[in-house]
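Notes follow the structure.
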Amino acid sequence: MKKYLSFTPKHLADFERDGYVIIRNFFLPEEVNLIYQTSVQDQVIKEKSFDFNDSKGLRTKLALWYTPQDDVYGIYSRSARMVNAAEVILGGKVGHYHSKLMQKEPKKGGAWEWHQDYGYWYNNGFLYPDMVSIMLALTRANRENGCLQVLKGSHKMGRVEHNMAGEQVGARMEKVNEAMKRHELVYVELEAGDALFFHCNLLHRSDSNDSDHSRWSLISVYNLLTNKPYKDEPSSCYTPIRKVDDDVLMDSTGRGISENADFLSSDKDKKFKQKIE
């Protein structure tokens, strides 16, 4: 039987101090290859992805869905090592808020402004920052192709006000500029299979992809079951997850996502952002 990595008390201590932690090789090479190859050939993902433009007009494609199914992405997000890690971090049973496939293509993949994820999840009706993101690198992420940048320990600032920055939701730069004087800027460079766990109040951004190589990642967001939103959000975020054993992923035979999955549409995203403006 294969031995899978797990989220340890040492990882939790680092996460609570810094707002993030990296576990190298959290997913095996054959698992990452299965997810990546499935995603690049997934016609439904291509159809449901939409662009987020940065201030220079460069685009990053994103597909986002809520309820995890029995496809390769749903098995990934419901796998024991993922769910167990989220429960250790949040201190209780969790639901799956959403997963998203980030596709930053060579030479044209756009940047992301400084923001906290909870900066807009708060506006979705979640009263508490009892939420965590787990990002799996499907390809190498480095400075050249626009890897994530974080301000170490900035999650301790609490939620910062956000507003629109072009087509993106960004944190108030007055707060960010002050935070940069006190918190170390870290470039989160990852190899395929590495996982980044980060707090929903951690300030982060990324540059455009100016390299010849794609940067793809799969991010799953988990919410403490008791943190039920008061607005109309998909029930998956407060429904117990149907957790599966870690070895089930390789048995999923690379099944792509169903066109009936509950995707976020670009129209719904625009309407939400209009409320922030």
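Tabulated values for the structure
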{"item": "Stretch gain in nm, segment Asp51-Glu16, where the contour uses 0.36 nm per residue and the Cα spacing is subtracted", "result": "9.3 nm"}
{"item": "Rg followed by Dmax, in Å, when the stretch 199-244 is reduced to its Cα trace", "result": "15.9, 44"}
{"item": "Within the stretch 113-197: Cβ-based charge dipole about Cα centre, in debye rounded to nearest 20 (Lys, Arg +1; Asp, Glu -1)", "result": "280 debye"}
{"item": "Distant-in-sequence amide H partners of Thr139 (H built 1.01 Å from N, under 5 Å)", "result": "Trp216"}
{"item": "Hydrodynamic radius (Kirkwood) for the stretch 15-132, which is based on Cα pairs only, to one decimal in Å", "result": "16.4 Å"}
{"item": "Cβ-derived FRET efficiency at R0 35 Å, Ala80 paired with Glu144, nearest 0.05", "result": "0.55"}
{"item": "Gyration tensor verdict on the stretch 105-147 (Cα atoms; rounded if a/c is under 1.5, prolate if a/b is larger than b/c, oblate otherwise)", "result": "prolate"}
{"item": "About the Cα centre, charge dipole magnitude for the stretch 1-115 (Lys/Arg +1, Asp/Glu -1 at Cβ), debye", "result": "180 debye"}
{"item": "Highest to lowest packing among 102-112, 117-127, scored as the average C-beta count within 10 Å", "result": "102-112, 117-127"}
{"item": "Separation of the Leu5 and Asn123 label points, Cα + 7 Å toward Cβ, nm", "result": "3.5 nm"}
{"item": "Relative packing of 2-8, 211-217, which averages over residues the other C-beta atoms within 10 Å, highest first", "result": "211-217, 2-8"}
{"item": "The chain: relative contact order as a whole-number percent, Cα under 8 Å and 6+ apart", "result": "33 percent"}
{"item": "The stretch 163-247: mean projected area of Cα convex hull, nm²", "result": "9.3 nm²"}
{"item": "Spin-label pair Met250/Tyr230, simplified geometry with 7 Å Cα→Cβ offset, distance in nm", "result": "4.8 nm"}
{"item": "Segment Thr239-Asn163, extension gain: residue separation times 0.36 nm, minus the distance between their alpha carbons", "result": "24.3 nm"}
{"item": "222 nm mean residue ellipticity, helices alone, for the chain (DSSP H n ≥ 4; -39,500 (n - 2.57); rounded to 500)", "result": "-7500 deg cm²/dmol"}
{"item": "Gyration tensor (alpha-carbon) shape descriptor, the chain, a/c threshold 1.5", "result": "rounded"}
{"item": "Gyration tensor verdict on the stretch 104-211 (Cα atoms; rounded if a/c is under 1.5, prolate if a/b is larger than b/c, oblate otherwise)", "result": "prolate"}
{"item": "R0 of 25 Å, Cβ-Cβ distance Glu189-Asn33: FRET efficiency to nearest 0.05", "result": "0.80"}
{"item": "Cα-based reach from Lys231 at 19 Å (exclusive), listing aspartates and glutamates while leaving out same-chain residues under 8 positions away", "result": "Asp117, Asp130, Asp262, Asp267, Asp269, Glu277"}
{"item": "Local electrostatic count at Glu189 - Lys and Arg +1, Asp and Glu -1, tallied over other residues with Cβ under 12 Å", "result": "+1"}
{"item": "Percent accessible area from carbon and sulfur atoms, the chain, protein chains only, probe 1.4 Å", "result": "47 percent"}
{"item": "Long-range amide H partners of Ser208 with built H, under 5 Å", "result": "Ala111"}
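The values are calculated or read from the model by the stated rules, or taken from the named source; none is laboratory data. It should be emphasised that the depicted structure is a prediction, and the values quoted were computed from it without experimental measurement. Backbone-built Cβ (ideal geometry, glycine too); neighbour counts: all protein chains shown. Protein only, heavy atoms only, side chains kept; ligands, DNA and RNA dropped before computing areas. Shrake-Rupley method; radii C 1.70, N 1.55, O 1.52, S 1.80 Å.
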